[in-house]
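Chemist: Take a look at the following structure, please.
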Amino acid sequence: MKLDLILRVTTKAILPFILLFALYVHFHGDYGPGGGFQAGVIAAGMVILYSIVFGVEAAQRVISQRLVATMVPLGVLIYGATGVISFLYGANYLDYGVLGHDSKHGHHLGILLVESGVIITVAGTMTAIFYAFVQRGR
Amino acid sequence: MSVGLLTSVALAAGAAQAAGGHAVAAKPFILTEHLPILIVVIPLLAAALTAMLRNGRVAWAISLAVSWILPILAVMLILQVEEKGIISYALGGWAPPVGIEYRVDIVNAFVLLIVSVVGAIAMPYALRTVELDIDEPQRAWFYAIYLLALTGLLGMTITGDAFNIFVFMEVSSLAMYVMIAMGRDRRALIAAYQYLIMGTIGATFYVIGVGFLYVVTGSLNMADIALRIGPAFAESSPPVMAALAFIVVGISLKLALFPLHVWLPNAYAFAPKFATVFLAATATKVAVYILLRFYFSIFGSAISLTDLPITEMLLILSIAAMFIASVMAIYEDNIERMLAFSSVAQIGYITLGIALANKSGVAGSVVHLMNHAAMKAALFAAIGAILYRVGTARMSELGGIGRTMPLTMAAFVIGGLSIIGVPGTAGFISKWYLGVGAIEHGWWVVAFLIVASSLISIIYIGRFVEVAYFQPVSEASEKGSDPPFSMMLSIVVFTALTIYLGLDTAWSGQLAEKVAAVLVGGLAQ
């Protein structure tokens with residue numbers, strides 16, 4: 001059990017940086033390469049690494065099946081609802097221009113909101129797929 | 001600033017103005033301006049909501065509410081189109097042809113109506129059958145998947161962007177694979193897998209075709225492509241021909257044109273009962289619409305299609321479907337598979353109208369989209385009810401079922417008569433238009449073949465009617481009795497619709513003729 005000490009300590013040390021990198025990719029998505037999809041996969045990678053080293057039960061104590069199953073539709077709702085907000089300003093669906101004090105700011109905010117939906121759904125889906133594979137035959 | 005902004009976003013439009021500092025003046029939300037997007041977004045958001053709530057009953061209630069709202073929106077769209085002409089909705093405020101455009105004319109408004117009405121009528125049927133077919137933990141997911149399939153089908157129909165069609169095609173197809181795979185029978189998995197492979201090939205072909213079109217026209221907006229494809233074809237014809245070939249073959253896979261129909265019988269037979277009713281009535285119809293759009297509105301507007309062998313190929317394959325699939329249906333013991341083969345034959349009639357390419361023929365195709373949806377939904381719903389009560393759809397075990405399930409079998413007989421094309425039922429109207437179209441075209445033989453193939457359908461429908469009414473009540477049939485009210489409601493409404501569409505053609509026929517006029521006349525600019 002204790003043979004993989006280095007692995008366990010390194011994993012624990014590296015986890016917050018993986019999440020930080022995921023968020024970095026996420027928040028740079030609207031101006032640079034990256035975005036919610038890539039960030040979601042990286043964030044899910046954190047969960048996958050954790051469950052490979054510490055076991056899937058330990059991972060599910062932190063990120064439960066229920067949470068994962070909620071994340072998948074939640075992201076879609078956030079994305080869709082962002083478009084609906086444009087309605088309130090009388091603009092067309094997903095027209096971000098009206099969200100900010102000017103069109104540029106509005107698009108910035110709109111993309112960020114939509115990408116937040118994407119990161120949640122993608123992270124949830126990747127984790128759900130991983131859990132489904134790990135639990136096969138159990 | 002951003003905090004103030006977020007709060008203003010959370011509030012209604014009136015409050016947003018009070019937050020101040022807005023360069024863009026808030027204008028009120030007018031429902032009628034946003035109909036094209038609402039008909040897609042409502043089921044999409046409802047799908048996410050049902051998946052979040054994870055309760056079978058609540059999910060059903062939400063799906064029912066959504067399914068009943070959508071036909072209202074579809075009717076409003078048709079009225080708007082009749083009044084003002086083509087509606088164009090620029091998504092995200094990006095003007096077409098650069099941005100994605102939802103473009104509604106009478107053609108896709110008609111298909112939207114078919115899909116949404118089928119969903120609305122089928123929804124009560126779902127309550128009991130889904131309880132039987134799907135275990136509670138998955139029920140909410142099943143309804144979420146159904147709503148996604150609905151979103152995809154409506155999206156495919158309403159969008160004016162060729163690539164957007166592909167995206168919605170994937171949304172609806174993936175949802176359908178899952179719906180089919182959730183069937184109780186273990187063979188449902190294989191059926192779904194088969195459909196997955198065939199459907200993916202179809203979608204790939206379609207997107208390759210769209211890629212060719214994009215290369216030669218530089219546009220993905222269908223109205224824009226239609227304008228540019230003529231000059232592009234004059235400049236260099238091979239890529240346009242390749243695009244036509246890829247798109248027609250790809251969509252033919254999706255609409256199960258003979259001999260690309262192999263995935264269909266098992267998919268319909270082993271899917272959950274509700275999924276069978278819904279998919280049989282909608283999925284192939286939307287694929288036919290896409291074919292109509294590309295064939296007439298895009299390629300037909302630029303190229304003389306009669307110069308290409310495509311008309312003959314469609315004609316031959318349609319007639320082959322009408323006969324071979326009907327004969328296959330005769331030899332089928334499983335009634336669901338029998339009806340599925342009958343669907344392949346009926347699709348043959350629809351593509352036959354496309355091959356005729358005159359107004360009556362295309363009107364026959366278009367009206368058959370609606371008529372076939374009504375009658376096939378009635379038939380599959382009736383068989384679903386028999387499965388629900390008796391647990392088998394094998395003809396050999398269902399002797400005398402007409403005596404223990406009288407109402408259900410009555411619905412089946414009416415649906416069956418419509419398949420045959422007896423006057424007074426919806427099927428007659430479609431075949432009438434097709435026959436007139438064939439004669440106008442001078443193809444007397446084809447008109448004769450339409451009648452001849454109808455005679456084959458008498459055999460397979462008649463076989464089950466004989467078993468159900470004239471054989472002694474079998475062991476299995478003794479367990480039968482008419483299904484619960486919620487299921488009976490859907491069966492009765494579908495059956496009534498079959499008769500109504502056969503008797504009163506004032507609006508369905510006129511609408512179909514208008515649609516055909518738009519299609520045959522090239523893309524309405």
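Laboratory data are not the source of any read-out in this text; all were calculated from the coordinates shown. Keep in mind it's a predicted model, so treat the numbers as computed, not measured. Note: ideal-geometry Cβ built from the backbone for every residue, glycine included; neighbour counts use all protein chains shown.
Chemist: Output the pairs from B:Lys84/B:Lys285; B:Lys285/B:Lys359; B:Lys285/B:Lys431; B:Lys254/B:Lys514; B:Lys285/B:Lys514 with a Cα-Cα distance over 23 Å in this structure; if there are none, say none. Before the final figure, lay out the partial values.
Modeler: Working: B:Lys84/B:Lys285 26 Å; B:Lys285/B:Lys359 19 Å; B:Lys285/B:Lys431 17 Å; B:Lys254/B:Lys514 26 Å; B:Lys285/B:Lys514 18 Å.
In this structure, B:Lys84/B:Lys285; B:Lys254/B:Lys514 lie more than 23 Å apart at Cα.
Chemist: Among A:Ile85, B:Gly211, B:Val107, whose Cα sits farthest toward the positive end of the charge dipole of the protein assembly as shown (+1 at Cβ of Lys/Arg, -1 at Cβ of Asp/Glu, about the Cα centre)?
Modeler: Ranked along the dipole, the leading option is A:Ile85.
Chemist: Follow-up. Long-range amide H contacts for B:Asp161: which residues qualify at under 5 Å (H placed 1.01 Å from N, peptide plane, sequence gap of 5 or more or a different chain)?
Modeler: For B:Asp161, whose amide H was placed from the backbone, the distant partners under 5 Å are B:Glu101, B:Met222.
Chemist: Here's a follow-up. Sort chain B into rounded, prolate or oblate with this rule: let a ≥ b ≥ c be the square roots of the eigenvalues of the Cα gyration tensor; rounded if a/c is under 1.5, and if a/c is not under 1.5, prolate when a/b is larger than b/c, oblate otherwise.
Modeler: Details: a/c = 1.86, a/b = 1.20, b/c = 1.55.
It comes out oblate by the Cα gyration axes.
Chemist: Another one. Can you give the calculated 222 nm mean residue ellipticity of chain B, where each DSSP H run of n ≥ 4 adds -39,500 (n - 2.57) and the sum is split over every residue, rounded to the nearest 500 deg cm²/dmol? Intermediate results must be reported in sequence, preceding the final value.
Modeler: On the way: 22 runs with 391 residues, N = 525.
For chain B, the value works out to -25000 deg cm²/dmol.
Chemist: Which of B:Pro137, B:Gly199, B:Tyr460 sits closest to the plus end of the dipole of chain B, meaning its Cα is farthest towards the positive end, when Lys and Arg get +1 and Asp and Glu get -1 on the C-beta?
Modeler: B:Pro137
Chemist: Among all the aspartates and glutamates, which ones have a C-alpha under 15 Å from A:Lys104's C-alpha, if same-chain residues fewer than 8 places away are not counted?
Modeler: Correct list for A:Lys104: A:Asp30, A:Asp95.
Chemist: Would you please classify the overall shape of the range B:309-510 from the alpha carbon gyration tensor, given that a ≥ b ≥ c denote the square roots of the eigenvalues, rounded means a/c under 1.5, and beyond that prolate means a/b larger than b/c while oblate covers the rest?
Modeler: Numbers: a/c = 2.64, a/b = 1.76, b/c = 1.50.
It is prolate, given that a/c is not under 1.5 and a/b is the larger ratio.
Chemist: Can I ask one more? What is the distance in Å between the Cα centroid of the range A:62-92 and that of the range B:417-440?
Modeler: Cα centroid of the range A:62-92 versus Cα centroid of the range B:417-440: 47 Å apart.
Chemist: Place a +1 charge on the Cβ of each Lys and Arg in the protein assembly as shown and a -1 charge on the Cβ of each Asp and Glu, then give the dipole magnitude about the Cα centre in debye, rounded to the nearest 20. Walk me through the numbers before you get to the answer.
Modeler: On the way: 33 positive and 33 negative charges, 270 e Å.
With only Lys, Arg, Asp and Glu charged at Cβ, the dipole is about 1300 debye.
Chemist: In the range B:309-510, if the dipole is taken from +1 on Lys/Arg beta carbons and -1 on Asp/Glu beta carbons about the Cα centre, which of B:Met375, B:Ser318, B:Ile330 is farthest to the positive end?
Modeler: Of B:Met375, B:Ser318, B:Ile330, it is B:Met375.
Chemist: Evaluate the distance, in nm, between pseudo-label points positioned 7 Å from the Cα of B:Glu397 and of A:Leu15 along their respective Cα→Cβ axes.
Modeler: 5.3 nm
Chemist: Here's something else I'd like to know. Rounded to the nearest 20 Debye, what is the dipole magnitude of chain B about its Cα centre when Lys and Arg each give +1 and Asp and Glu each give -1 at the C-beta? Walk me through the intermediate numbers first.
Modeler: Values: 25 positive and 27 negative charges, 109 e Å.
Magnitude of the dipole: close to 520 debye.
Chemist: I would also like to ask the following. Treating cross-link reach as a plain straight distance, find the lysines whose alpha-carbon is under 21 Å from the alpha-carbon of B:Lys479, omitting any fewer than eight places away in the same chain.
Modeler: Leaving aside lysines fewer than 8 places away in the same chain, those within reach of B:Lys479 are B:Lys273.
Chemist: Please work out whether the range A:1-67 counts as rounded, prolate or oblate from its C-alpha gyration tensor, where a ≥ b ≥ c are the square roots of the eigenvalues and a/c under 1.5 means rounded, while otherwise a/b larger than b/c means prolate and anything else oblate?
Modeler: Details: a/c = 3.68, a/b = 1.78, b/c = 2.07.
It comes out oblate by the Cα gyration axes.
Chemist: Below 14 angstrom from the Cβ of B:Leu53, what's the summed charge of the other residues (Lys, Arg +1; Asp, Glu -1)? Let's see the in-between values first.
Modeler: On the way: positive: A:Arg66, B:Arg54, B:Arg57, B:Arg139; negative: B:Glu136.
Neighbourhood net charge equals +3.
Chemist: Sum up the charges of everything whose Cβ sits under 10 Å from the Cβ of B:Tyr89, counting Lys and Arg as +1 and Asp and Glu as -1, but leave B:Tyr89 out. Mind dumping the intermediate values first?
Modeler: Working: positive: B:Arg103; negative: B:Glu33, B:Glu101.
Result for the local shell: -1.
Chemist: While we're on this one: Under 13 Å from the Cβ of B:Tyr433, count the other residues' Cβ atoms, weight Lys and Arg +1, Asp and Glu -1, and hand me the total. Each step should come with its number before you reach the end.
Modeler: Numbers: positive: B:Lys359, B:Lys431; negative: B:Glu440, B:Glu513.
Net charge around B:Tyr433: 0.
Chemist: Which of the helices in chain B, when you take each full DSSP H run, stretch at least 24 Å along the axis at their Cα atoms and have an average Kyte-Doolittle score of 0.5 or higher? Can you show the working numbers first?
Modeler: On the way: long enough: B:35-53 (27 Å, 2.63); B:56-84 (41 Å, 1.33); B:106-133 (39 Å, 1.64); B:136-158 (33 Å, 0.84); B:162-181 (28 Å, 1.75); B:187-217 (44 Å, 1.42); B:237-254 (26 Å, 1.68); B:273-292 (29 Å, 1.59); B:335-356 (32 Å, 1.26); B:359-390 (45 Å, 1.00); B:444-470 (38 Å, 1.87); B:485-503 (26 Å, 2.06).
Once both thresholds are applied, what remains is B:35-53, B:56-84, B:106-133, B:136-158, B:162-181, B:187-217, B:237-254, B:273-292, B:335-356, B:359-390, B:444-470, B:485-503.
Chemist: Now, a different point. What does the charge dipole of the range A:2-134 about its Cα centre add up to, to the nearest 20 debye, if the Cβ of each Lys and Arg holds +1 and the Cβ of each Asp and Glu holds -1? Numbers along the way, then the final one.
Modeler: Values: 6 positive and 6 negative charges, 104 e Å.
Dipole of the range A:2-134, to the nearest 20 debye: 500 debye.
Chemist: How well do other chains shield peptide B:83-92, expressed as the mean number of their Cβ atoms within 10 Å of each residue Cβ?
Modeler: On the way: counts 0, 0, 0, 0, 0, 0, 2, 3, 5, 11.
Across the residues of B:83-92, the mean count of other-chain Cβ atoms within 10 Å is 2.
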